[in-house]
Every structure is written in C-alpha cells, then in structure tokens.
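Here's the structure we're looking at; comments come further down.
The values are calculated or read from the model by the stated rules, or taken from the named source; none is laboratory data. The shown structure was predicted, so the numbers you read here are calculated from the model rather than taken from an experiment. As a convention, Cβ positions derive from the backbone with ideal geometry for all residues, glycine included, and neighbour counts pool all protein chains shown.
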Amino acid sequence: MTHPSEDTLVRRARREAALALAIWLVACVYSVSYCYLNGYERTADSLTFVLWFPDWVFWGIVVPWAICILLSLPFAYRLMGDEPLGEAVDSEEPPASEEREVQHA
C-alpha cells in the first residue's frame with residue numbers, strides 16, 4: 001500500500017488518519033449497535049437511570065464518547081507529530097519601493 005518513494009511525512013500522516021478513523025469507527029459502531037439493541041422497544045418501567053441519563057444513553061453514548069475523548073489526549077500529545085515541512089522559499093523578490101518602506105519603519 002505504501003510506495004517506496006513516498007515521503008515519510010505523508011506516510012506518518014496517513015497512519016495518524018487511519019488510527020483516528022479506526023477509533024471513531026469502533027465507537028460509532030458500538031454506540032449505534034448498543035443504542036439500537038437496548039434503547040428500542042422498552043417499557044417506561046424497565047428504564048433505569050445512571051447519572052441522570054437513561055441507562056441505554058449512558059452506556060451507549062456517554063461512556064464510549066468519553067473514552068474517545070480520553071484516547072484523543074495521548075493521541076494528540078504523544079502520537080501525532082509536528083514535522084517541519086521544509087524551508088519556506090519566497091517565490092519573488094519584493095519591489096524596491098516596498099524594501100525602502102520596510103527599512104524606514
């Protein structure tokens with residue numbers, strides 16, 4: 001899947017994006033499945049509450065997305081890299097009149 005001539009910066013960015021997408025996908029599939037299986041066709045008497053949320057909302061939405069938030073912290077601060085993209089190169093010289101204004105300021 002990776003090409004030998006591919007830049008390491010691109011390869012690393014792809015890996016980071018794939019990991020973020022995988023975490024999101026797992027949480028989304030779990031949330032939708034759990035809420036579908038436990039939230040529909042219930043009587044009002046069968047509902048219990050966890051921290052003011054209906055149990056199916058707490059275990060199907062609050063908990064998985066709280067875990068995603070906790071996973072995103074080490075992902076953002078440890079795994080994602082801030083790589084230099086290279087030296088900035090000016091495409092053209094500024095006109096002589098602008099150079100004099102900058103020097104006098």
With the first residue restricted to region 23-34 and required to be more than 17 Å from residue 57 (Cβ to Cβ), and the second required to be at pLDDT below 95, Cβ contacts under 7 Å at 6 or more apart or on different chains are 23/68; 23/71
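From the set of residues in region 25-38 that are among the hydrophobic types (A, V, I, L, M, F, W, C) and touching a helix residue (DSSP H, G or I) at 6+ places or on another chain (Cβ under 7 Å), which is modelled with the highest pLDDT? Steps first, please.
Taking region 25-38 and keeping what is among the hydrophobic types (A, V, I, L, M, F, W, C), we get 25-29, 32, 35, 37.
Filter once more, keeping what is touching a helix residue (DSSP H, G or I) at 6+ places or on another chain (Cβ under 7 Å): 27, 35.
On the way: 27: 92, 35: 89.
Across region 25-38, the extreme among qualifying residues is 27.
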Verdict on residue 41 being at pLDDT 80 or above and not in a helix (DSSP H, G or I):
yes
Scan of region 44-63 for residues that are at pLDDT 85 or above and either among the small types (Gly, Ala, Ser) or surrounded by 13 or more Cβ atoms within 10 Å (Cβ to Cβ) (or both), ordered by number:
53, 54, 55, 56, 57, 58, 59, 60, 61, 62, 63
